[in-house]
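*Asks:* Structure provided below as structure tokens; questions to follow.
Please treat every number below as a calculation from the coordinates, not as lab data. Just so you know, these numbers come straight off a predicted model, no measurement behind them. Methodologically, a virtual Cβ is constructed for each residue, glycine included, from the backbone with ideal geometry; neighbour enumeration extends over all protein chains shown.
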Amino acid sequence: MSQTSEILLSGSGGQGLILAGQILAEAVVRDGKNTVQTQSYGPEARGGASKAEVIISNEEIDYPKVTKPDILLVMSQEALNRYAGQLNPGGTLIVDSTYILDPLPTENKVISAPYSRIAKESLGKEMVANVVALGALVALTGVVTLESLKSALMSRIPPGTEALNNKALELGWKSVSQAAA
């Protein structure tokens, strides 16, 4: 039986969602599954819209674009407004409540946490909010193993930022367990 997950990560350019998509795709490969990862930026570049798409399957992937995401991570109001309507019925919407003040009504499962604020207040660096959110996404969905995610993260970040990024990943992971408690 085919198990395929379509994931869309979106926010403003500069939030690191393209990198988050690349890290997630590499983790999928490390777990021995098939993946396709695509990305796009809005015409405004930094500060404009950006998105990364990741398809995960235990079989061959025929089409490289996400058509109906099962998991949607949004880190800006614009991203929520643009992509929430595309979420697969029964899908999971993960919202960075730091910048999304006007959530759209939906019948889907919604997980909301202030990932950007967590990164800024706990680590003093909002630039790792993408890693906090990625940790939460994987903790919530189990699309890859934590071991593969950590390994992929360490292979993609600049030298000297390992401790910061590892802590960001742990904060995202813990944000899910704290929300469930």
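*Asks:* Can you sort 51, 33 so the residue with the fewest Cβ neighbours within 10 Å comes first?
*Replies:* Ordered by Cβ neighbours within 10 Å, fewest first: 33, 51.
*Asks:* Only helical DSSP H runs with n ≥ 4 go in: add -39500 (n - 2.57) per run for the chain, normalise by residue count and round the 222 nm mean residue ellipticity to 500 deg cm²/dmol.
*Replies:* Taken over the chain, the calculation gives -12500 deg cm²/dmol.
*Asks:* Roughly how many whole Å is it from the C-alpha centroid of region 119-157 to that of region 1-42?
*Replies:* First find each Cα centre; the distance between them is then 13 Å.
*Asks:* Would you mind computing Rg(Cα) / (2.2 N^0.38 Å) for region 1-130, counting N as its residues?
*Replies:* 1.03
*Asks:* Highest mean first, what order results for 131-141, 146-156, 20-30 on Cβ atoms within 10 Å?
*Replies:* Highest-to-lowest ranking by the protection proxy: 131-141, 20-30, 146-156.
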